[in-house]
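Reviewing the structure listed below.
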Amino acid sequence: MSNQPSQRSSDVIDAIFGNNAGRDPERLTLKYAKMAQSPFIFLRGACHLFYDHLPYSRLFGDITIGSISSAKNSIKTLSYPRRN
């Protein structure tokens, strides 16, 4: 097995660097060091990879039982108010 990264790994690395382009290099060094500590921290630091592959959704905000107060509006569609 080769020590060279696969094409998919290279794409992921390029996406992470691209997403963080223009940010403070000193803070990025700290971020990347933390991301290398565990898979969970890596996923938290690279969540944009997940969100980039989600289909467009009309629901935004905090959707929980306590925050949903759905009501039919004049167009007879359900609306979910955003909570700040």
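The values are calculated or read from the model by the stated rules, or taken from the named source; none is laboratory data. No experiment lies behind these values; they were computed from the predicted model shown. Note that we place each Cβ from the backbone using ideal geometry, even for glycine, and neighbour counts take in every protein chain shown.
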For region 29-48, what are the residues that are aliphatic (A, V, I, L, M) and farther than 16 Å from Val12 by Cβ?
Leu30, Ala33
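Where in region 1-79 are there helices (runs of 4 or more DSSP H), lying fully within it, with 2 or more residues that are modelled with pLDDT of 95 or more? Even if it seems obvious, please write down each step before you answer.
On the way: elements: 7-19, 25-35, 39-45, 47-51.
Per the criteria, 25-35.
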